[in-house]
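**Student:** Here it is, the structure, as structure tokens.
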Amino acid sequence: MREDELVKERTQPQRRAYHHGDLRNALSTAGVELAREGGPEAVVLREAARRVGVSPTAAYRHFASHADLLVEVKHQAQAALADAMEAALASTAGDAAVDAGGGEQATRRLRAIGWSYVDFARDQSGLFRTAFCRPELTSQGVPAQARDRTETLDHFDAFRSFHLLRDVLDELLAAGLIAPARRPGAEAAAWAAVHGLATLMLDGPLRGLSDPARGQVVEQTLAMVADGLRAP
């Protein structure tokens, strides 16, 4: 093989083999890789088919459009975010022994999921953007499920990341660190604060912060969330 052919072979994305009958999952996996590399705009069904090593016609038997594939990838990106949050919570398990019942453990767990959320946005920016994208705005063919699904707080209740946040807030409530009157809707307030911060650090004017400045802003935001919900 000539040297130029070797270079071309090394630089081209490798096609992935798939098991017969599992093409949909193979395409979904390729879609997640595309999202990781370039965000929701990079999730193109033809490119996913090329990476898997099948024809576009075969791919369209499993996904009717780019938006169909993007909806599936979006769900997987949301699951990846929840995985990161769960891992962060698991890392606090060893701290439970030093908690004398004053809510220190619940506070640490709130900080852990807050930091994991911001870190995921920075380290997995393509998946983060995809997790919260609007498929009908980033793809051409809009499937019915993408058109009709209105994402509200009730809709997000189906995802683990929402449950993780809700459980930690309930722990804070049980420890007396949240006023009962402030508990309803606290998920939305906490989520909005941390998501807004993550977005500003990813695509906004806070993206150029140094690591020390970034850490200070994250800690201040999480303290603001906790203090704003705290019982008098």
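Just so you know, all these numbers are worked out from the coordinates, no wet-lab data involved. Treat the numbers as computed from the prediction; the structure is a model and nothing was measured. Note that each Cβ is placed from the backbone with ideal geometry, even for glycine, and that neighbours are counted across all protein chains shown.
**Student:** For Met201, Met224, Met85, what ranking results if the residue with the fewest other Cβ atoms within 10 Å of its Cβ goes first?
**Tutor:** Met224, Met201, Met85
**Student:** Sum up the charges of everything whose Cβ sits under 12 Å from the Cβ of Gly38, counting Lys and Arg as +1 and Asp and Glu as -1, but leave Gly38 out.
**Tutor:** Combined, the nearby Lys, Arg, Asp and Glu give -2.
**Student:** Could you put His163, His62 in order, starting from the residue whose Cβ has the fewest other Cβ atoms within 10 Å?
**Tutor:** By the 10 Å Cβ count, ascending, the order reads His163, His62.
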